[in-house]
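What follows is a single structure, written as structure tokens, with notes after it.
The values are calculated or read from the model by the stated rules, or taken from the named source; none is laboratory data. Just so we're clear, the structure is a prediction, and the values are computed from it rather than from any experiment. Methodologically, a virtual Cβ is constructed for each residue, glycine included, from the backbone with ideal geometry; neighbour enumeration extends over all protein chains shown.
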Amino acid sequence: MEWSKTKSIFIIVFLVLNIFLLFQYMEKRSSNKYEYIPVTTLEEDLKENEITYGKLPDGIKEEKYVTAKSKAFTKGDVQKMKGQGATIAGETTLISILEKPYKVEKDFKSEQLNKFISDTVLFGDEYKYWSFDEEQNTIIYYQEFQDKMFYNNPNGELRFHLNENGEIDSYEQTYLEDIETFNDPEEILPPLQAIEILFTNDDLGAKSEITNVELGYYTYVQTASHVLAPTWRIVVDGKKNLFVNAFEGQIIEMSPEEKKLE
């Protein structure tokens, strides 16, 4: 009789232990939802769906968050701007009207504006070409830090406006200053894992071609100062931008217009 009771107790303890271990396993699996699929499996899935990509960035293992604040422009800044009439809107935006419009060639290439921007725009060398919207007649540049762009950032933007003659006649500028990294370096997701996340989320259709992959920054928190997180930019078929937080693996949601690459 005593052995029967002892046996029953052992069975109950064994069942409780199994339930506990199963719970621990499920919890770990849930917390690691972006655990890296083995490369061979991922590559097989991509090949089956005819999704292709070229050489991916390598050598970047760790990054830091970046902080910055919006520059409040002054009358002194306006006085430095030659050949244009400038006003300040809301402290952080410069609006400029060029005295002599600048002609943009029909077969536009961003290199054509390098000298113009350097000579005309405050801190012009810190901006990098983003897009040319022919419907809106605007050319957009975003600020960069340590050769990494601040993606879709209205606080570090140059927006040129073209007239009916294809000439830049005005622009608006915002600028981020006091840019610095903070916190200890953290490991970032490799670019192939960012591609995997997009694939798993059905953001990469069959026969997609990944035409560019690069690391930049996307606004993570926006208060009086701005916190930006390292972010993978993945260009699909040369016309669509997708972004994945390189620390957390989150896909950054955007409108169709924001995704479009002009």
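Of note:
- Restricting Lys103, Lys47, Lys109 to residues that are among the basic types (Lys, Arg), surrounded by fewer than 17 Cβ atoms within 10 Å (Cβ to Cβ), out of contact with any strand residue (DSSP E or B) (no Cβ under 7 Å at 6 or more places or on another chain) and outside the structural domain of Glu209 (by the TED database) narrows the list to Lys109.
- Gln173 of a type outside the set (Ser, Thr, Tyr), assigned by the TED database to the domain that holds Glu144 and in contact (Cβ under 8 Å) with a residue 60 or more places away in the chain: yes
- The combined condition, being under 29 Å from His226 (Cα atoms), charged (D, E, K, R) and modelled with pLDDT under 95, is fulfilled by Asp133.
- Residue match in the range 214-224 (condition: surrounded by fewer than 16 Cβ atoms within 10 Å (Cβ to Cβ), touching a Lys or Arg at 6+ places or on another chain (Cβ under 8 Å), among the hydroxyl-bearing types (Ser, Thr, Tyr) and touching a residue at least 60 places away in the same chain (Cβ under 8 Å)): no
- Restricted to the range 121-136, and to residues there that are surrounded by 17 or more Cβ atoms within 10 Å (Cβ to Cβ) and closer than 12 Å to Phe160 by Cα, the residue that is farthest from the chain's Cα centre (by Cα) is Val121.
- Residue list for the range 72-120, restricted to those being among the hydrophobic types (A, V, I, L, M, F, W, C), in contact (Cβ under 8 Å) with a residue 40 or more places away in the chain and touching a helix residue (DSSP H, G or I) at 6+ places or on another chain (Cβ under 6 Å): Ile117
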